[in-house]
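The values are calculated or read from the model by the stated rules, or taken from the named source; none is laboratory data. These numbers come from a predicted model, not from an experiment. Please note: Cβ atoms are built from the backbone with ideal geometry, for glycine as well, and neighbour counts cover all protein chains shown.
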Amino acid sequence: MLAQVTDFAARYASSFPKKTAAAELTAAIRSAVAKLSGYASLQVSSEAQLQANSAQRVRARQALWTKLAAYRQTAEALNST
């Protein structure tokens, strides 16, 4: 919605004299849209990193269980002799 406001203001810039409140508000909205866009990109990137880290933890947990099972088998074999 705010991006549409900035598009409208850019399209009809001649309708907003530079020394008016409308021009100041347009500049403020444009700045806010740029910041929000940056935050959205950061959030998407963070979510992707979180998913990658979750997948790594699952693989690490599976590897740990595999090693623990092997250690248990070794301990049982040594204990049975």
Matching residues in region 18-32 - criterion: being surrounded by 10 or more Cβ atoms within 10 Å (Cβ to Cβ) and not in a helix (DSSP H, G or I): 20
Answer residue from region 33-51, given it is closer than 20 Å to residue 2 by Cα and of a type outside the set (A, V, I, L, M, F, W, C) and is surrounded by the most Cβ atoms within 10 Å (Cβ to Cβ) among those: 37
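Kindly evaluate residue 35 against the criterion of being in a helix (DSSP H, G or I), free of Cβ contacts under 8 Å to residues at least 40 places away in the same chain, out of contact with any His (no Cβ under 6 Å at 6 or more places or on another chain) and not β-branched (Val, Ile, Thr).
Numbers: in a helix (DSSP H, G or I): yes; free of Cβ contacts under 8 Å to residues at least 40 places away in the same chain: yes; out of contact with any His (no Cβ under 6 Å at 6 or more places or on another chain): yes; not β-branched (Val, Ile, Thr): yes.
For residue 35, the condition - in a helix (DSSP H, G or I), free of Cβ contacts under 8 Å to residues at least 40 places away in the same chain, out of contact with any His (no Cβ under 6 Å at 6 or more places or on another chain) and not β-branched (Val, Ile, Thr) - is met.
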Unique match (being surrounded by 10 or more Cβ atoms within 10 Å (Cβ to Cβ), of a type in the set (Gly, Ala, Ser), more than 19 Å from the chain's Cα centre (by Cα) and at pLDDT 85 or above) among 70, 77: 70
